[in-house]
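The values are calculated or read from the model by the stated rules, or taken from the named source; none is laboratory data. Because the structure is predicted, anything quoted here is derived from the model rather than measured. Here the Cβ is made from the backbone with ideal geometry for all residues, glycine too, and neighbour counts use every protein chain on show. Just so you know, the surface numbers come from the protein's heavy atoms only, side chains and all, with ligands and any DNA or RNA stripped out. Shrake-Rupley method; radii C 1.70, N 1.55, O 1.52, S 1.80 Å.
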Amino acid sequence: MLDAVLFDWTNTLVEFTWDDELLAAGHRAALGRDDPEFTARYRKLVLGEPEHRPYAELLAELGVVDPDRFIEVEHETWRPAHRVLSAAQAMLVSLRRRGLKTGIVANSWPEPARLLRKDVELYGLAGELDVQVWSEEVGARKPEPEIFLYALDRLGVDPINALFVGDSLQNDVQGAGDVGMTTAQALWFRADDTPEIEPGYMAFTPMDVLNAARRLAA
């Protein structure tokens with residue numbers, strides 16, 4: 001039996017494309033000036049950050065006086081690098097019409113969850129989601145089991161009755177699979193080929209997700 005379908009965010013429901021020019025443009029907009037030295041220090045400290053320390057903390061370390069404002073301006077500058085999956089809303093609507101619960105489970109670094117929630121609303125998806133779980137708010141990151149279990153608990157759904165859809169084989173497929181969820185690798189934006197991790201389903205299009213849900217619900 002299938003009760004819920006949960007999704008990753010970046011490169012699953014929304015495509016993200018890195019752009020060096022937008023990195024500099026975001027800093028220029030947030031700082032109010034061109035500052036190549038700042039961008040160079042940012043690359044070393046933030047992009048080389050393995051522990052995912054709070055983004056505002058890293059910015060303060062770089063000398064940013066108002067990290068919250070910096071983050072908001074920078075986030076808006078990066079908007080052209082994001083493209084919502086054209087069929088995302090239709091897919092979510094279809095799943096909910098079948099009586100399934102839907103949600104997002106995603107790592108939110110470096111963006112704070114408050115801005116990502118606004119993005120979900122802006123892209124017209126918030127009304128089709130029963131839950132949004134962002135790592136910043138939970139204190140756990142995929143592939144850690146706690147973040148998946150927290151979302152399932154919010155929905156009142158057993159892991160064995162849930163499908164997780166995401167692009168990352170390690171964070172999404174292995175993470176969700178380790179707690180007992182059925183998994184589907186989203187391949188419409190990128191094709192992760194991490195060895196020795198196999199999804200339950202391979203989804204080349206959103207229709208493949210709907211077909212998997214139909215089979216699991218049968």
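Laid out as a table, the results:
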{"item": "Given charges at beta-carbon only (K, R positive; D, E negative), |dipole| of the chain in Debye", "result": "760"}
{"item": "Carbon/sulfur fraction of accessible area - the chain, other protein chains in place, 1.4 Å, %", "result": "49"}
{"item": "Convex hull of Cα atoms in segment 130-208, direction-averaged projection (nm²)", "result": "5.2"}
{"item": "For the chain, the longest site-free run once chymotrypsin sites (Phe, Trp or Tyr not before Pro) in DSSP loop states with at most 14 other Cβ atoms within 10 Å are removed", "result": "19-203"}
{"item": "Residue-level accessible surface for Asp68, protein heavy atoms, 1.4 Å, Å²", "result": "80"}
{"item": "GluC sites (Glu not before Pro) lying in DSSP loop within segment 128-218, provided at most 13 other Cβ fall within 10 Å", "result": "Glu196"}
{"item": "Net lengthening on full extension, Arg41/Ile160 (0.36 nm per residue, minus Cα-Cα)", "result": "38.3 nm"}
{"item": "Sites matching trypsin sites (Lys or Arg not before Pro) across segment 55-109 that sit in DSSP coil, with at most 16 neighbouring C-beta atoms within 10 Å", "result": "Arg98"}
{"item": "Unit charges at the beta carbon, dipole of the chain: most positive-side option, Leu59, Leu210, Thr77", "result": "Leu210"}
{"item": "Inter-label distance for Ala60 and Gln170, nm, one decimal - labels placed 7 Å from Cα along Cα-to-Cβ", "result": "3.0"}
{"item": "Potential extension, Leu115-Glu146 segment - 0.36 nm per residue separation minus Cα distance", "result": "8.9 nm"}
{"item": "Simple spin-label estimate for Glu198 and Arg53 in nanometres, 7 Å along Cα-Cβ", "result": "4.2"}
{"item": "Where only alpha carbons of the chain are counted, the Rg and the Dmax (Å)", "result": "18.0, 58"}
{"item": "Over 20 Å [Cα-Cα, segment 40-97], rounded percent", "result": "47"}
{"item": "Calculated [θ] (222 nm, deg cm²/dmol) that DSSP helices of n ≥ 4 give over the chain, each run adding -39,500 (n - 2.57)", "result": "-12000 deg cm²/dmol"}
{"item": "Computed lengthening from Arg33 to His82, 0.36 nm per intervening residue step minus Cα-Cα distance", "result": "15.2 nm"}
{"item": "Accessible area per residue in Å² at 1.4 Å probe, computed on the chain", "result": "49"}
{"item": "Projected label distance in nm at Val93 and Phe189, using a 7 Å step from Cα toward the beta-carbon", "result": "2.1"}
{"item": "Heavy atoms of Ile147 accessible to a 1.4 Å probe, total area in Å² rounded to 10", "result": "0"}
{"item": "Area projected by the alpha carbon convex hull of segment 28-145, averaged over all directions, nm²", "result": "8.5"}
